[in-house]
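Here's the structure, in structure tokens; my notes come after.
The values are calculated or read from the model by the stated rules, or taken from the named source; none is laboratory data. Computed from a predicted model, the values in this text were never measured in an experiment. Don't worry about glycine lacking a Cβ; one is built from the backbone with ideal geometry, like all the others, and counts go over all protein chains shown.
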């Protein structure tokens, strides 16, 4: 008789539909440990192009140019790969199934143009800020007025970084033009200011710990390499998706499906907004809603617009774009 450590034939207790949702922190780790082998596979997928890009950077640095604005350019090639990984980790955040290799490839193949163009824009932004920051910082020694453009550059850079948290997820979730993606991303950079700061702090902490371990001693440096090989990249992608997706879901996806349901019922879909849905949820929990706290923007026509703008017919969103992915 074969020994079986786990009896997979025995049905589990299941999950009650009335069970309240777990706190985000607990849910984050539940999903992570439930899918940890898949995260290792995702990390290996990303690691291959990452090593290639690092090799290209080294070759450019050694044989072509020592200028950082040139030899860092191959990093643009990682943006389409990151978008493919984002599709898989986003599905895990939504607690949906994903075929790791096929879904990754479909997401990359269907969205590589927007992802690559976004990477080019990010690289241009990097080049501009790498020139602007040292220049204005040096000029502050001559006049205090140069602190103004220095602060402006810092604020623009921070908002641009915040916007990048949302663009890959929106690329694989919605069928929008690049201009609309950036418009929505910058709105989310402001609407989700606190979660964006939280995500930035977590990323900075991961980078800081990695650097400290690399310079501490050889053993810690070896641990960094092991983590990079097995889990670091997929974990960072999952972390970003977990933090920002709930806001996208609240402001764009739920209102869209609610408007579609209202149309099917013969009701006025223009009354369905992210604020009204949130109010219904709060009322269902017996909570009072402060109208002043309602979002200023609503999802219409695949875009976030101000409430005062006249509503139009809803455009296709998540389900429309996902037909290209799955």
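Summed over segment 83-105, the residues that are assigned to a helix (DSSP H, G or I), under 18 Å from the mean Cα position of the chain (by Cα) and touching a residue at least 24 places away in the same chain (Cβ under 8 Å) give a count of 13.
Quick grid of which residues meet (1) crowded, with 18+ Cβ neighbours inside 10 Å; (2) within 27 Å of residue 107 (Cα to Cα):
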| position | (1), (2) |
| --- | --- |
| 169 | yes, yes |
| 177 | no, yes |
| 182 | yes, yes |
| 189 | yes, yes |
| 209 | no, no |
| 219 | no, no |
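Of all residue pairs spaced 6 or more apart or on separate chains, those with beta-carbon atoms under 6 Å, a first member in segment 128-144 that is more than 18 Å from residue 68 (Cβ to Cβ) and a second member that is at pLDDT 90 or above and in a helix (DSSP H, G or I) are 136/149; 136/150; 140/147.
When segment 191-207 is filtered for residues that are loosely packed, with under 15 Cβ neighbours inside 10 Å and either without any contact (Cβ under 8 Å) to a residue 12 or more places away in the chain or in contact with a helix residue (DSSP H, G or I) (Cβ under 6 Å, 6 or more places away or on another chain) (or both), the ones remaining, listed by number, are 194, 197, 201, 204, 205, 207. Of all residues in segment 29-49, those that are without any contact (Cβ under 8 Å) to a residue 60 or more places away in the chain and on the phi < 0 side of the Ramachandran plot have Cβ atoms under 9 Å from Cβ atoms of residues that are outside any helix (DSSP H, G or I) and exposed (fewer than 14 other Cβ atoms within 10 Å of the Cβ), 6 or more apart or on another chain, in 30/22. Looking across 150, 159, 181, 176, one residue alone is more than 30 Å from residue 33 (Cα to Cα) and outside any helix (DSSP H, G or I). It is 176. Checking each residue in segment 100-126 for being under 18 Å from residue 178 (Cβ atoms) and out of contact with any helix residue (DSSP H, G or I) (no Cβ under 9 Å at 6 or more places or on another chain) picks out only 124.
Inspection of segment 112-128 identifies no residue that is under 17 Å from the mean Cα position of the chain (by Cα) and not in a helix (DSSP H, G or I).
Taken as a whole, the structure leaves residue 229 outside the set of residues that are part of a helix (DSSP H, G or I), surrounded by 15 or more Cβ atoms within 10 Å (Cβ to Cβ) and touching a residue at least 40 places away in the same chain (Cβ under 8 Å).
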